[in-house]
Every structure is written in structure tokens, then in C-alpha cells.
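The values are calculated or read from the model by the stated rules, or taken from the named source; none is laboratory data. These numbers come from a predicted model, not from an experiment. Counting neighbours? That spans all protein chains shown, and the Cβs are built from the backbone with ideal geometry, glycine included.
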Amino acid sequence: MGDVRPRVVLGVGAGIAAYKVCELLRRFTEGGADVRVVPTADALRFVGAATWEALSGNPVATGVWEDVPEVPHVRLGKQADLVVVAPATADLLARAAHGLAHDLLTNTLLTARCPIVYAPSMHTEMWEHPATQDNVALLRSRGAIVIDPASGRLTGADTGPGRLPEPAEIHETALRVLRRGTAAADLTGRHVVVSAGGTREALDPVRFLGNRSTGLQGYALARTAVAREAKVTLVAANVALPDPAGARVVDVVSAADMRAAVLEAARDADAVVMAAAVADFRPAHRQDTKIKKTDAKPAPIELVKNPDILAELSAERPRPGQVITGFAAETDDVLANARAKLRRKGCDLLVVNPVGETLAFGTPDNQAVVLAADGETVEIPRGPKEDLADVVWDLVVRRLPAR
Ligand code: CTP
């Protein structure tokens, strides 16, 4: 994070998910950030000031009438490098959208000139209410990053969208925004589809043909797109990673499932990135019962070809001006193979990974060359998969039609 400790204001709203934000705070402080926690007065009913002060190492105030000579309601916001509001309640989003400022947090939101990330959490009805949705749209139109809540178990027995995403995922998004500054939100209002993971082709109820893809690169693409304010649909094939904060995750198993999910999501997408390792072939027959080892000589597995989703999308372009990106893992004659593949598939960008012993599958780092159909070639040196993802989005953004 550099030599200077980034200054983060962590605004805490009055939601039960405040208890999860203790973990988010820990991640910020352990990463070296100087965090000022600014809860609303009601938020202290869920988690008290002592907890925030102990975890942040800084004093906690909720109102504008404490410490008046220091003018904290102006100073905190002006000095911050990043403001994160979690949980952002319906009431807080409303007050932020309309510039109401009766306490320290809402004053800070008005004086901050740095990026602001909201992580909403509330009951599904409140999230889906037109008032909340309009407030979210208003905040986004002004450049704020509002992470869509996750779906799942809420406070009571009910489930639906409204859950606070996992603290680790909010932290990742916040770090991306902190690193990119206010230029972060260049995918605002765009819908992007990312495929991730590796498909499985069933042989029988317990066995499949699969591959070693873990989904790390696709998840990094989804996470970075959320940080750049895109609406993200992540089509995930057999991935054992937590859902990226703010992305809509569609789980699939086989190449056929993936094709259906990607084509459906791509209908109104501005960009599609096919990072998944899709099986080129599937067994011609799937046995309904487990294959037994009764025979001394095993029967050969007959394979049939799967449809090529990337080639199909690139030929059809479900939405005019859609930017389509493919991935290619190559072991030899990397660039020549990749150029031919780019032409064959008909996509706009091809991210070419040289697959070696220590790169690509399951590692946090990646390295690539991106080839564009318009002739541009960009080398991405070895680094975190998130950095590679940001370069891919930079290239996609430059090719999106103006609105
Ligand atoms: N892909 C796809 N549908 C398939 C197979 C692959 O959409 N049935 C996509 C992958 O998501 C990836 C790119 O195509 O973006 C990878 O190309 P791939 O098909 O694996 O390369 P191949 O055509 O298999 O080339 P080769 O096997 O010759 O290396």
C-alpha cells in the first residue's frame, strides 16, 4: 500500500450486519490503513463504541457536537482517501442521496472528495423498493460505488437479496477502488458477463471429465468489474471460491449449461469475457447408473464435440457493439497459435496465457499477451490476476461504443 498509510473512513449504519464489519475493519488495519470508524448513533445499538475504538485504535464519534474546535465533520471527509459505508441501510442511502447531514457520518459523506463505496444490507423488500433503487441510481450517477447486496439468508428465516457480502470480498473491492482512485467507475451502467471455472462433463452419476481451472482469474475479472461499477453476471462452473461482492453468480456444471447461461445473460450485455475453461468434448453417452468394473476390459469413452460458446457469441453479437473477449492457454508456439485462434473465434480480444509449471491454473499470479482483432498487442507482465483483469477491462472500455 505504499509508505503513507491510506486514510479510510468506515461509516457504519444501523443494521445487524454491523457485526460483520468488525472483520472488515480488522482487514483494513492489518493491511496498514489508518481507519476512523464513524457509526451512526443507532449503529452503536448493534456494536458499541468500545469495539470500534479497540479494533481501529482511533476514537469514535457519531455527532457533530463532539470535539467541535477540531471541526471533525469537515476534516474527516476532506482528509480521507476512501470512505466505505457498511452496512449501508436504506435510511443511510436515502440521506446520502439527498444530501441530508445531521450527524458526523452524513456530514463526512458530503465533504469527502475521495471515492465512496457503499455496501448495502437490508431486507429484500427494502432493497427492492423503488425509493431505495432510485437512491442507489442517484448515488451511482454521481460516481459512488454501490455494491449490490448478496442473496442468501437474512436476519430471520427469510432469504433473498439484501445480505452484506463477505467482509473479505468488500475489502478486496475497496482496495481496488483505493488503488485506482476516482477513475474507478468507468463501467458505470454497463452490464458485463464473465465466465469462470472449468466445466464438467458427466460420464455417470459420480464421474466426470473435467479440467484444472479454479476460477481465480474469472473471479478477479468479476471483482474488478464491480469496483469499476459494472453490473456483473458471473457464470461459474464448479468454483469453490466465495461469491465476489456485488456480482450476480449463476452456477453451472457442464458446457451445455454454461452455453445456456452465457447466451441468456449476454442478450443485454455490453461485454462478455470468457475466462472459463470449457470442455471441447463431452462423452457421447451419460450412463444413468454408476459404471461398474465388472468387465476386465474397460469400454472406450466415445466423445462428441461441444458447441464453441465464444465463437457462437462472436458470430451472433446478441447486442450491437458488444465487446467479446476470449482466453487461450497455450503451451507452445504461443503467439502464432493465438493469432490463428483469434481469427477462428472472431472475438475482439484474446488473452493469451503461456501455461507453464508455475503459472495459470490455481496460482494467484498470471501473465499474458492480449491480442486485439484491430491489431493492438499488449503485454501484461507477471502479476496478480486482479492487475491482469484491470488491463483487460481497460482494453474493453476503450472498445465500447459511446453512449
Ligand atoms: N470456449 C468456449 N466454448 C468451448 C470451448 C472454449 O467458449 N466449447 C472458450 C473459452 O472460454 C476460452 C476460449 O474459448 O475463452 C479458449 O479457446 P479453446 O477453445 O480452449 O481453444 P481451442 O479452440 O480448444 O484451441 P486448442 O484446443 O486448439 O488449443
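Select from region 312-337 the residues that are outside any strand (DSSP E or B), touching a strand residue (DSSP E or B) at 6+ places or on another chain (Cβ under 9 Å) and modelled with pLDDT of 95 or more and list them in ascending order.
LEU313, SER314, GLN322
Of the residues GLY77, GLY15, only one is in a helix (DSSP H, G or I), assigned by TED's automatic domain parsing to the domain that holds PRO165 and either at negative phi or among the hydroxyl-bearing types (Ser, Thr, Tyr) (or both); which? Don't jump to the end; show me each part of the working.
Numbers: GLY15 fails: in a helix (DSSP H, G or I).
Criteria check complete, one pass: GLY77.
Is at least one residue of region 341-357 within 13 Å of the ligand (Cβ to nearest atom), in a loop (DSSP other than H, G, I, E, B) and at pLDDT below 95? Working first, answer last.
Of all residues in region 341-357, those within 13 Å of the ligand (Cβ to nearest atom) come to 341-355.
Among the residues that remain, those that are also in a loop (DSSP other than H, G, I, E, B) are: 346-348, 355.
Right, trim to at pLDDT below 95 and you get 355.
The answer is yes, given that some residue of region 341-357 is within 13 Å of the ligand (Cβ to nearest atom), in a loop (DSSP other than H, G, I, E, B) and at pLDDT below 95.
Residue under question is VAL378, and the condition is that it be part of a helix (DSSP H, G or I), surrounded by 15 or more Cβ atoms within 10 Å (Cβ to Cβ) and either among the β-branched types (Val, Ile, Thr) or away from the ligand (no atom under 16 Å from the Cβ) (or both); does it hold? Break it down stepwise before answering.
Numbers: part of a helix (DSSP H, G or I): no; surrounded by 15 or more Cβ atoms within 10 Å (Cβ to Cβ): yes; either among the β-branched types (Val, Ile, Thr) or away from the ligand (no atom under 16 Å from the Cβ) (or both): yes.
When the stated conditions are applied, VAL378 does not pass them.
If I ask for residues that are in contact (Cβ under 8 Å) with a residue 60 or more places away in the chain and assigned to a strand (DSSP E or B), which ones from region 247-262 would you list?
Within region 247-262, ALA247, ARG248 meet the criteria.
Only one of VAL21, VAL47, VAL9 is within 16 Å of GLY77 (Cβ to Cβ) and surrounded by 17 or more Cβ atoms within 10 Å (Cβ to Cβ). Can you tell me which?
Numbers: VAL21 fails: within 16 Å of GLY77 (Cβ to Cβ); VAL47 fails: within 16 Å of GLY77 (Cβ to Cβ).
The conditions single out VAL9.
Could you please find all residues in region 114-166 being part of a strand (DSSP E or B) and surrounded by fewer than 17 Cβ atoms within 10 Å (Cβ to Cβ)? Before you say what the answer is, go through the steps one by one.
Within region 114-166, the first condition is being part of a strand (DSSP E or B), and the residues that meet it are 116-120, 145-146, 150-153, 159-163.
Of everything in region 114-166, those that are part of a strand (DSSP E or B) and surrounded by fewer than 17 Cβ atoms within 10 Å (Cβ to Cβ) turn out to be SER151, GLY152, ARG153, THR159, GLY160.
Give ALA144, ALA150, ALA112 a once-over and let me know the one that is modelled with pLDDT of 95 or more and aliphatic (A, V, I, L, M).
Details: ALA144 fails: modelled with pLDDT of 95 or more; ALA150 fails: modelled with pLDDT of 95 or more.
Within the list ALA144, ALA150, ALA112, the selection yields ALA112.
Looking at region 39-96 only, could you name the residues that are free of Cβ contacts under 8 Å to residues at least 60 places away in the same chain, under 23 Å from ALA144 (Cβ atoms) and of a type in the set (Asp, Glu)?
ASP42
Quick check on region 267-283: of everything there that is more than 10 Å from the ligand (Cβ to nearest atom) and not in a strand (DSSP E or B), which residue is surrounded by the fewest Cβ atoms within 10 Å (Cβ to Cβ)? Explain how you work it out, then say what you get.
Here is the first cut: in region 267-283, the ones more than 10 Å from the ligand (Cβ to nearest atom) are 267-271, 283.
Now restrict to residues that are not in a strand (DSSP E or B): 267-270.
Values: ARG267: 11, ASP268: 13, ALA269: 24, ASP270: 22.
This residue is ARG267.
Can you tell me which of ALA336, ALA372 is on the phi < 0 side of the Ramachandran plot, surrounded by 14 or more Cβ atoms within 10 Å (Cβ to Cβ) and not β-branched (Val, Ile, Thr)?
Details: ALA336 fails: surrounded by 14 or more Cβ atoms within 10 Å (Cβ to Cβ).
The unique qualifying residue is ALA372.
Looking at region 295-302, can you tell me whether even one residue there is in contact (Cβ under 8 Å) with a residue 12 or more places away in the chain, over 21 Å from THR224 (Cβ atoms), aliphatic (A, V, I, L, M) and outside the structural domain of LEU178 (by TED's automatic domain parsing)? Outline the logic, then answer.
To start, the set of residues in region 295-302 that are in contact (Cβ under 8 Å) with a residue 12 or more places away in the chain comprises 301-302.
Narrowing the set further to residues that are over 21 Å from THR224 (Cβ atoms) leaves 301-302.
Adding the requirement that they be aliphatic (A, V, I, L, M) leaves 301.
Filter again for outside the structural domain of LEU178 (by TED's automatic domain parsing), leaving 301.
Yes, because at least one residue in region 295-302 is in contact (Cβ under 8 Å) with a residue 12 or more places away in the chain, over 21 Å from THR224 (Cβ atoms), aliphatic (A, V, I, L, M) and outside the structural domain of LEU178 (by TED's automatic domain parsing).
I'd like to know if region 286-301 contains one or more residues that are within 16 Å of the ligand (Cβ to nearest atom) and not in a helix (DSSP H, G or I). Walk me through it before giving the result.
The first filter runs over region 286-301 and keeps only residues within 16 Å of the ligand (Cβ to nearest atom), leaving none.
Within region 286-301, none of the residues are within 16 Å of the ligand (Cβ to nearest atom) and not in a helix (DSSP H, G or I).
So that you can scan it fast, the table gives a plain yes or no per residue for (1) of a type outside the set (D, E, K, R); (2) in the same structural domain as SER195 (by TED's automatic domain parsing); (3) more than 25 Å from the chain's Cα centre (by Cα):
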site: ILE309; (1), (2), (3): yes, yes, no
site: GLU316; (1), (2), (3): no, yes, yes
site: VAL323; (1), (2), (3): yes, yes, no
site: PHE327; (1), (2), (3): yes, yes, no
site: GLY346; (1), (2), (3): yes, yes, yes
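Before we move on, is GLU201 under 19 Å from ALA236 (Cβ atoms) and assigned by TED's automatic domain parsing to the domain that holds VAL253? Show your work before the answer.
On the way: under 19 Å from ALA236 (Cβ atoms): yes; assigned by TED's automatic domain parsing to the domain that holds VAL253: yes.
Considered against the rule, which asks whether it is under 19 Å from ALA236 (Cβ atoms) and assigned by TED's automatic domain parsing to the domain that holds VAL253, GLU201 comes out as yes.
Filter region 259-283 down to residues that are of a type outside the set (Val, Ile, Thr), within 22 Å of the chain's Cα centre (by Cα) and within 19 Å of GLY346 (Cα to Cα), then give me how many there are.
Qualifying residue count for the region: 11.
Name the residue, out of GLU316, GLU312, GLU264, that is over 17 Å from ARG207 (Cα atoms), surrounded by fewer than 19 Cβ atoms within 10 Å (Cβ to Cβ) and near the ligand (Cβ under 9 Å from one of its atoms).
On the way: GLU316 fails: near the ligand (Cβ under 9 Å from one of its atoms); GLU264 fails: near the ligand (Cβ under 9 Å from one of its atoms).
Only one candidate passes the filter, namely GLU312.
Evaluate region 210-221: report whether one residue or more is β-branched (Val, Ile, Thr), within 14 Å of the ligand (Cβ to nearest atom) and either within 19 Å of GLY326 (Cα to Cα) or buried (at least 24 other Cβ atoms within 10 Å of the Cβ) (or both). Break it down stepwise before answering.
Of region 210-221, the ones β-branched (Val, Ile, Thr) are 214.
If we keep only those that are within 14 Å of the ligand (Cβ to nearest atom) as well, we get none.
No, region 210-221 contains no residue that is β-branched (Val, Ile, Thr), within 14 Å of the ligand (Cβ to nearest atom) and either within 19 Å of GLY326 (Cα to Cα) or buried (at least 24 other Cβ atoms within 10 Å of the Cβ) (or both).
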